[in-house]
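Right, one structure below, let's go through it.
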Amino acid sequence: MSDEIVERAQALATESFIASTGPGGQNVNKVATAVQLRLDVYALRLSPPVFARVKELAGSRMTSRGELVLTARRFRTQEANRADARERLAELLVEAQKLPEKRAKSRLNRVGKEQRLKGKKLRGSVKAGRGKVSFD
């Protein structure tokens, strides 16, 4: 299922090359090596829980129109940056497919509960002893 979604996403994604930043001498100024990958997440037709997880994982990389924008500029070549962007997109979608693990409620036995309440009473009595002292 997740492989199918990743393939569909990579087919729907559009890439544009932009000027990269950082070190690289004149190469950075002349060649547009950074890749900006855009994907309309609504076009993937994801189930609501998966869509919510994609939105949460994407954070600020997702626009209000439902477009996921990934920028890859780690490498000096277009091909390497393009592969990096596609790999990051695949990782994000696979991670969104995973169901979060249910948290098991912790169970406290009677002795533990009594100790906790005893500690709270002690703490309360210490705090109650503080305050203004009146010499009446």
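Nothing in this text is a laboratory measurement; each read-out follows from the coordinates by a stated rule. The structure presented is a predicted model; accordingly, all values stated were derived computationally and were not measured. As a convention, Cβ positions derive from the backbone with ideal geometry for all residues, glycine included, and neighbour counts pool all protein chains shown.
What number, in percent, do you get for the relative contact order of the chain if the mean sequence gap of Cα pairs under 8 Å and at least 6 apart is divided by its residue count?
24
Can you tell me the orientation of helix 78-97 relative to the chain, as the angle in degrees between its alpha-carbon axis and the longest Cα principal axis, to the nearest 10?
In the chain, helix 78-97 runs at an angle near 40 degrees to the longest axis.
Helix-only mean residue ellipticity at 222 nm, the chain, DSSP H runs n ≥ 4 weighted -39,500 (n - 2.57), per residue, nearest 500. What is it?
-15500 deg cm²/dmol
Counting Lys and Arg as +1 and Asp and Glu as -1, each charge on the Cβ, what is the dipole of the chain about the Cα centre in debye, to the nearest 20?
1560
Applying a 10 Å radius around every beta-carbon, put 121-127, 31-37, 54-60 in order of their mean neighbour count, most first. Don't skip to the answer; put the middle values down first.
Details: 121-127: 9.6, 31-37: 19.4, 54-60: 13.4.
Ranked by mean Cβ neighbours within 10 Å, highest first: 31-37, 54-60, 121-127.
Averaged over every viewing direction, what's the projected area of the C-alpha convex hull for the stretch 67-136? Give it in nm², one decimal, please.
Spelled out: convex hull of the Cα atoms, projected over all directions, averaged, 12.9 nm².
Which ³J(HN,Hα) values in Hz, rounded to whole numbers, follow from the phi angles of the stretch 34-42 under the Karplus curve 6.51 cos²θ - 1.76 cosθ + 1.60, where θ = phi - 60° and Gly and Pro get x?
Each residue's phi maps through the Karplus curve to give 6, 10, 10, 9, 10, 9, 7, 5, 5 Hz.
Taking the Cα centre of the stretch 68-136 as origin and charging only Cβ (+1 Lys, Arg; -1 Asp, Glu), how large is the dipole, in debye to the nearest 20?
Computed charge dipole of the stretch 68-136: roughly 740 debye.
Among Thr33, Leu57, Thr71, whose Cα projects farthest towards the positive end of the dipole of the chain, with charges put on the beta-carbon of Lys, Arg (+1) and Asp, Glu (-1)?
Farthest towards the positive end: Leu57.
To the nearest whole percent, what portion of all C-alpha pairs in the chain is separated by more than 24 angstrom?
For the chain, the fraction of Cα-Cα distances above 24 Å is 54 percent.
Could you tally up the Lys pairs in the stretch 28-136 with alpha carbons closer than 17 Å? Skip any pair fewer than 8 positions apart unless they're on separate chains.
Lysine pairs meeting both conditions in the stretch 28-136 amount to 4.
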